[in-house]
Amino acid sequence: MTTVHLPLLPFGKGRDPDTERGVECPGDLPPASDPSLVERARAAKAALGERVFVLGHHYQRDEVIQFADVTGDSFKLARDAAARPQAEYIVFCGVHFMAESADILTGPEQQVVLPDLAAGCSMADMARLAQVEDAWDALSDAGVADVVVPVTYMNSSADIKAFCGRHGGLVCTSSNADVALEWAFAQRGPDSKVLFLPDQHLGRNTAVLKLGYSLEDCVVWNPLLPDGGLTAEELRAARVILWRGHCSVHGRFSAAVVDELRASYPGINVLVHPECTHDVVLKADLIGSTEFIIKTVEAAPAGSSWAIGTELNLVKRLADRHPDKNIVFLDRNVCYCSTMNRIDLPHLVWALESLVEGVVVNRIEVDPDTERDALVALQRMLDLPGKSARD
């Protein structure tokens, strides 16, 4: 069993040269607050024209999102990139697994750039391929691997998607996790089980609240413990084996704060992402993906009040765009996604200006074998009925 210890770099500050690449921008760049960066970004983007396509994830800071040609969640953005074959360069303002997905779905002549290679995802990093292979060996030893279907959330590395492709599984998004799980349970007969990676909360909330399984049907595999901390009997009895991973932002929201906000704002609507913990989701009025959250707020009547449990950049943007509604953050403290926030204006300017000079920096390339198997898992998702095209 492999345990990887990574340094904590809070709020995108500092660097660790032994484990990170691309954290610093070479050359003489002013700080992010310098207004000249805005003009430099505009000039570089104009010089590149249709050769560049800039993708901006909803959780990006405003200084970056203003230069995005399209905004959205990870899978939507990857598909948007695939729909622009004339774009030679795809600059993905997001995190590493998102850029990998874009590289998998775009053509071989297109080059995907991540402005800062240190922009990762703590949730995706919680499931390493060696750990998942160890878990699969334990499932085999328990005699259940032949009835287990692996399902991985889009927020996972390309090699985890490829693992699922090789073992008869698929990818899901927060919008279609219920359809994906229904498909998985139908694959191996009445005794089918699901190994859900890497976010235990999305897996649990979907299995229990959407498909009607009980909490007792779910067990949690801890990759840092021998055999995941589970006995062979527990694995045989379980229907859903949840990987012990979580989103560092959505895991912060608490049921106690929900109660406090309801007491302070009578009639407030609590709207949360399904990556939140089960007790928070149980107290919410509405649960859904980032796209669902945005559309719900847009359609809400003027004067309505909303407490939103998702990343703060997006909540702040929604509040700014809808001043006729009372929108508050579902946490006592300010907490941005620190890895997403590593994509800042200096890095974006550096990436764009480098492309103008004919230099491709921080290219994200998925090797052909991994890409092939990951595409199998992605295609199985795309073949599902219903909501497969939305994140």
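The values are calculated or read from the model by the stated rules, or taken from the named source; none is laboratory data. Quick caveat, the model's predicted, so the values are computed rather than measured. Because the Cβ atoms are built from the backbone with ideal geometry, glycine has one as well, and the counts that use them run over all protein chains shown. Note: areas computed on protein heavy atoms with side chains; ligands, DNA, RNA excluded. Shrake-Rupley method; radii C 1.70, N 1.55, O 1.52, S 1.80 Å.
Going 7 Å from the Cα of L225 toward and past its Cβ, which residues in segment 127-161 have a backbone nitrogen under 16 Å from where you end up?
Of the residues in segment 127-161, 135, 138-139 have backbone N under 16 Å from the label point off L225.
Quick one: length gained pulling N333 to E39 fully straight, 0.36 nm per residue minus the C-alpha distance?
Values: separation 294, 0.36 × 294 = 105.84 nm, distance 3.33 nm.
That works out to 102.5 nm of additional length.
For the pairs K76/K161; K76/K193; K161/K316; K76/K325; K45/K161, flag any whose C-alpha to C-alpha distance is greater than 21 Å. Please list the in-between numbers first.
Numbers: K76/K161 17 Å; K76/K193 28 Å; K161/K316 32 Å; K76/K325 27 Å; K45/K161 32 Å.
The answer is K76/K193; K161/K316; K76/K325; K45/K161.
Which length gain, in nm to one decimal place, applies between E50 and L286 when the Cα-Cα distance is subtracted from 0.36 nm times their residue separation? Don't jump to the answer; show the numbers that get you there.
On the way: separation 236, 0.36 × 236 = 84.96 nm, distance 3.94 nm.
The span from E50 to L286 would gain 81.0 nm if fully extended.
Evaluate E = 1/(1 + (r/R0)^6) for N326 and L382, where r is the Cβ-Cβ distance and R0 equals 45 Å; express this FRET efficiency to the nearest 0.05.
Values: r = 39 Å, r/R0 = 0.86.
Calculated value: 0.70.
Among E133, E100, E275, which one shows the biggest mean-square fluctuation in a GNM of the chain, springs joining Cα atoms closer than 10 Å?
Highest fluctuation among the options: E133.
Label point 7 Å out from V147 along Cα-to-Cβ: which residues of segment 172-195 have amide N under 13 Å?
185-194
Taking all protein chains in place and a 1.4 Å probe, what share, in percent, of the accessible surface of the chain do carbon and sulfur account for?
Result for the chain: 50 percent of the exposed heavy-atom area is carbon or sulfur.
Probe of 1.4 angstrom, ligands and nucleic acids ignored: what's the accessible area per residue over the chain, in square angstrom? Could the numbers behind the result be given before it?
Numbers: 15840 Å² over 391 residues.
With the other protein chains kept in place, the chain gives 41 Å² per residue.
In the Gaussian network model of the chain, springs joining C-alpha atoms below 10 Å, which of K193, K295, K161 carries the largest mean-square fluctuation?
K295
Probe 1.4 Å, all protein chains in place: accessible area of D217 in Å², nearest 10?
D217 exposes around 40 Å² with every protein chain in place.
From the phi of every residue in segment 252-268, what ³J(HN,Hα) in whole Hz does the Karplus formula 6.51 cos²θ - 1.76 cosθ + 1.60 yield, where θ is phi - 60° and glycine or proline is x?
With coefficients 6.51, -1.76 and 1.60, one gets 6, 5, 10, 5, 5, 5, 4, 4, 4, 5, 5, 6, 7, 10, x, x, 5 Hz.
Divide by every residue of the chain the summed helix terms, -39500 (n - 2.57) for each DSSP H run of at least 4, and state the resulting mean residue ellipticity at 222 nm, rounded to the nearest 500 deg cm²/dmol.
On the way: 16 runs with 146 residues, N = 391.
Only helices count here, giving -10500 deg cm²/dmol.
Taking the Cα centroid of segment 59-135 and of segment 140-169, what is the distance between the two, rounded to the nearest whole Å?
For segment 59-135 versus segment 140-169, the Cα centre distance is 21 Å.
Choose one answer from G169, G120, G143: the residue with the largest mean-square fluctuation in a GNM of the chain with alpha-carbon springs under 10 Å.
So, out of G169, G120, G143, the one fluctuating most is G143.
If I stretch the segment between V359 and A232 completely, what's the gain in nm (0.36 nm per residue apart, minus their alpha carbon distance), one decimal?
Numbers: separation 127, 0.36 × 127 = 45.72 nm, distance 5.30 nm.
Stretched fully, the V359-A232 segment lengthens by 40.4 nm.
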